[in-house]
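Reading through the structure tokens given below for one structure.
The values are calculated or read from the model by the stated rules, or taken from the named source; none is laboratory data. This one's a predicted model, so the numbers in the text were calculated from it and none came from an experiment. Note that each Cβ is placed from the backbone with ideal geometry, even for glycine, and that neighbours are counted across all protein chains shown.
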């Protein structure tokens, strides 16, 4: 039986990936049945919407404002976001979050924007995709102020097991990306070995988070990550967890559906 997979986070709309049609054909041929395409700025929203409208069986959109783009928000950003979420009933909120490395966007700008997106996701009962870099304490404080929706995704999780254990009761799912297979990131694999299996999902973050060469089934120029690399990434995680790839595909597909409410 052919394995099926779900890519819980990518950026298929990024121009650096090239023409979407062959990318989508390749990922479908590889067994990826759905992918969540995340917008990161208001300027991306319509591109993601167009992809989702053109490929509704494969592309699930998520619309949000990444902390790097916090300084760019328009006065009507929330109204625009609500309108898109109404247009796409399966759409999530994201990619949003907190990032201590964001240039030109301090916590005073990031936190209110993040809280507003968390609140919107909870009120509209939409899945939430969270980006967090070196801001774990700040994230936990924020989620104590605004409770997240029942299902939310920790994108490319690279935090500690202790932090994960604090996020689990809130409804967190933890996405593993190909970057976690890099030898220098052995600590990430160790955390995933100790997470509850029912909260683990997979992502490519394409065109970012390129896995090591052994897990690149679909090479692209410029060290870009192809979304069809997901089954190879899943195979790498399965070996690290002592599982069969078929079992991990079934597990993570079931978990993704639960996280996003499909």
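Residue by residue through segment 159-187, note down the ones that are touching a strand residue (DSSP E or B) at 6+ places or on another chain (Cβ under 8 Å) and more than 20 Å from residue 224 (Cα to Cα).
Scanning segment 159-187 gives 159, 164, 167, 170, 171, 172, 173, 174.
Table: residues versus (1) more than 22 Å from residue 120 (Cα to Cα); (2) crowded, with 20+ Cβ neighbours inside 10 Å; (3) in contact (Cβ under 8 Å) with a residue 24 or more places away in the chain.
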residue	(1), (2), (3)
21	yes, no, no
28	yes, no, yes
32	yes, yes, yes
37	no, yes, yes
46	no, no, no
52	no, yes, yes
56	yes, no, no
(request) Would you confirm whether any residue within segment 2-15 is in contact with a helix residue (DSSP H, G or I) (Cβ under 9 Å, 6 or more places away or on another chain), touching a residue at least 40 places away in the same chain (Cβ under 8 Å), under 19 Å from residue 248 (Cα atoms) and assigned to a helix (DSSP H, G or I)? (result) no
(request) State which residue is farthest from residue 121 (Cα to Cα) when the search covers only segment 61-80 and only residues that are at pLDDT 95 or above and touching a helix residue (DSSP H, G or I) at 6+ places or on another chain (Cβ under 7 Å). (result) 67
(request) Taking residue 151 as meeting all but one of (1) at pLDDT 95 or above; (2) under 14 Å from the mean Cα position of the chain (by Cα), write down the number of the exception. (result) (1)
(request) Within segment 89-109, track down each residue that is within 20 Å of residue 148 (Cα to Cα) and outside any helix (DSSP H, G or I). (result) 89, 90, 91, 92, 93, 94, 95, 96, 97, 98, 99
(message) Looking only at segment 197-240, filter to residues that are assigned to a helix (DSSP H, G or I) and at positive phi; which one of those is surrounded by the most Cβ atoms within 10 Å (Cβ to Cβ)?
(response) 223
